[in-house]
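Structure first, then comments.
Every read-out reported here was derived from the displayed coordinates using simple, explicitly stated rules and does not represent laboratory data. Since the model is a prediction, treat every value here as computed from it, not as a measurement. Because the Cβ atoms are built from the backbone with ideal geometry, glycine has one as well, and the counts that use them run over all protein chains shown.
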Amino acid sequence: MKEDIKVKGQLLSYLAWPLLLSLFLIFANLAVGMASSLAAGVMALFTICYIGIAVWIYFYSRRRILGGLVQFASEYSMIQKQLMEDMALPYALADGDGRIVWMNQAFQEVLEQEKGSKKNLANLFAEVTKKELAADDKPMFVHTSYGEHKFRLELHPIYVSGFEEDEIKAAAGRQKLLAVYLFDETEILRYHQQITDDKMVAGLIYLDNYEEALESVEEVRRSLLTALIDRKINKYIGSMDGVVKKMEKDKYFFTIKQKYMKQIQEERFSVLEEVKGVNIGNEMAVTLSIGIGLNGDSYSQNYNYARTAIDMALGRGGDQAVVKDGTKIQYYGGKSQQLEKATRVKARVKAHALRELIETKDRLLIMGHKLSDIDSLGAAIGIYRIATALNKKSHIIINEVTTSVQPMMNRFVDNPDYPDDLFLTDSQAAELVDSNTMLVVVDVNRPSITEAPELLKMVKTIVVLDHHRQSSEIIGNAELSYVEPYASSTCEMVAEVLQYIADGIKIKSAEADAMYAGIVIDTNNFTNQTGVRTFEAAAYLRRNGADVTRVRKLFRDDMVDYRAKAATIASAEIYRETFSIGVCPSDGLQSPTIVCAQAANELLEIKGIKASVVFTEYHNVIYISARSIDEVNVQVMMEKLGGGGHRTIAGAQLQDTTVEAAKSRVKDVIDEMLKKGDIS
């Protein structure tokens, strides 16, 4: 190929300017000749000399100028190359496949190898993938590490073209190279981690059953029990260079550095078990609830996070730790059964607060969860009776009536004692919403599974009554929230509220039957989650006309349902020796989810079974019902699948999956909980 250097651009213009000026002088000479021939002759001599010099510069000096330029370019290129070689920033060139074709001294020092070594970026840095190497236009960067150093690796695509004049050939002959820059982030990340480790973490510790535990020990030894608990807590926080301050007799505030969080989370808050081990003759073990807040924008926000976390720990039954890290919430513990409070002070306070809210409104809308069960319906009927006694219009929202509630609903539909618009759909209820409307949510505290989630945004005054443990998804804009995980059912809670909200409220027999049925179904005939107050609520309903025989007749099974339940039990498998897992057939069943839950209850009757899990498919959704007696917290199990519920009664719904896939996921959750010690 011809290697001649071509002159073009600004250099060519610079050399051609003297010749162009020669034309100007020739025209000037002609103009002078028209005035004076003598002057024109003299000027012609100077013009000829100028043209000669211009031609000499263009044809002779050009080679000398170009030679000087070539020498300068050569020296500049060598200086530039040396600067690139000695540049402190690690820099390299790689081809389109990631193979390094050149690297400077700093890059070689990073790789600790000889200059001639050829390596591939993908082999040297695991974070560099084909996606980064294939980037055509825009630079890419990844965070990576090599040896003991951490880097931000930047890739800038560049293209090298040939010297051909033909632009099409030049474009076709382009070769892609990658300019590789390494920015050492080791020290920056170390300082960033140090700042993160030194952040303040705010925490609250509450004793769940302080009064009850003290009452179970001799009076002279009560101070010793308190001292031992204080010592355990102070020693635990002190081991992490933390500060703990006792705010009340059963409440503590503490603060530690964030670097200790990983340690206590890996230990799964060992202080929970240590305090339960304190025994000086007390019949009842003391349990703790811990709330921790971290990574807030300020100390006060961390404290508010801790307040939210401790409320969630208490709302979920206590004996557990809740960590709120910004929007992320983690749960630890929760193995113990929460003890029922003997006092009804809280029920009376909530009843009075509920009455004050109702009296400020003209209309009540009452709703439970999707696919309402009898506890949801019974609690809604109880709230309807309260509203009616206070001369307020009220409606119950039910979209889909299941076979479990149909027999009880039939007692209210077309009954002259009740209005025709007692039961409404969500769309009908939405039309009634105004500034004087109040929404009461019963038997659910998760907005996504309520009967009409859109109403939660439309109504400003919201009240929540529920007995399920709270999860990270809660109804946050409630004016009044009464959530008691120790209660057997929401009907039990409403029955207590009925006794305190106003004097002389008369409950009709149908209403008493509905609420009594809710207690019976949720406790599985008074065998699950039953306390003294459960029987007191049942006795109150019996005094107001609830009939045990009538309720039993209403909820007898159809033959199809009974056979499906029997088929579920017959096909159940035993997993890990203590878990029964079954699949309920849904063909021919009007409410397979109800039969699924009943089958899960039946499987608990098998000796040696700690928990039962039953699956059924309904409307292309896999419904899971989980039950336990006392050793397994099935709520934690179902939360890992996006569900929730109560400690002994919980469930979940899985979409876009199969029964076999859902069963596999549940087995993985059981294995994980066994490995972490969440199941005793």
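Odds and ends about this structure:
- Two-decimal log10 I(q)/I(0) for segment 569-680, as the Debye equation yields it once each C-alpha is a single scatterer, q = 0.20 Å⁻¹: -1.01
- Nitroxide proxy distance, nm - points 7 Å out along Cα→Cβ at residue 659 and residue 34: 11.1
- Segment 456-466 - phi-based ³J(HN,Hα) in whole Hz, Karplus 6.51/-1.76/1.60, Gly and Pro as x: 5, 8, 8, 9, 7, 9, 10, 10, 10, 10, 7
- Summary value for the chain: 7 percent relative contact order, contacts being C-alpha pairs under 8 angstrom separated by 6+ residues.
- Legend: translational diffusion of segment 451-496 by Stokes-Einstein, Rh = Kirkwood radius over C-alpha pairs, 20 °C, 1.002 mPa s; D = 184 µm²/s.
- ³J(HN,Hα), Karplus 6.51/-1.76/1.60, whole Hz, each residue of segment 24-41, x for Gly, Pro: 4, 5, 4, 5, 5, 5, 5, 5, 5, x, 5, 8, 8, 5, 5, 5, 5, x
- For the chain, the percent of C-alpha pairs falling in each 20 Å distance bin, counted from 0 to the bin holding the largest distance, reads 14, 32, 22, 14, 9, 6, 2, 0.
- When the C-alpha to C-alpha distance is required to be over 32 Å, the pairs from 259/676; 457/565; 328/361; 346/460; 130/663; 361/506 that qualify are 457/565; 328/361; 130/663.
- Simple label model, 7 Å out from Cα along Cβ direction - residue 276 to residue 102, nm: 6.8
- Hull volume in cubic angstrom per residue (convex hull over the Cα atoms of segment 211-333): 101
- 397, 606 arranged by Cβ crowding within 10 Å, fewest neighbours leading: 606, 397
- Inter-label distance, nm, simple model (7 Å from Cα along the C-beta direction), residue 189/residue 120: 2.4
- Dividing the mean sequence gap of close Cα pairs (under 8 Å, 6+ apart) by how many residues segment 358-488 holds gives a relative contact order of 26 percent.
- On the basis of the beta-carbon distance and an R0 of 30 Å, residue 247 and residue 267 show a calculated FRET efficiency of 0.75.
- Integer Hz, Karplus 6.51/-1.76/1.60 couplings in order for segment 593-599, x for Gly and Pro: 5, 5, 5, 4, 5, 5, 5
- Each Cα pair under 8 Å and six or more residues apart adds its separation to the average, and for segment 451-554 the resulting relative contact order is 25 percent.
- At full extension, residue 21 and residue 432 could sit 138.6 nm farther apart than now, given 0.36 nm per residue minus the alpha carbon distance.
- Extension gain, residue 357 back to residue 112 (0.36 nm per residue minus Cα-Cα distance, nm): 80.8 nm
- Packing rank of 41-48, 534-541, where each peptide gets the mean count of other beta carbons within 10 Å, highest leading: 534-541, 41-48
- Convex hull (Cα only) mean projected area of segment 345-554, reported in nm² to one decimal: 10.6
- Centre-to-centre, using Cα atoms only, segment 545-624 and segment 265-290 are separated by 36 Å.
- Cα-based reach from residue 150 at 14 Å (exclusive), listing aspartates and glutamates while leaving out same-chain residues under 8 positions away: 127, 184, 185, 187
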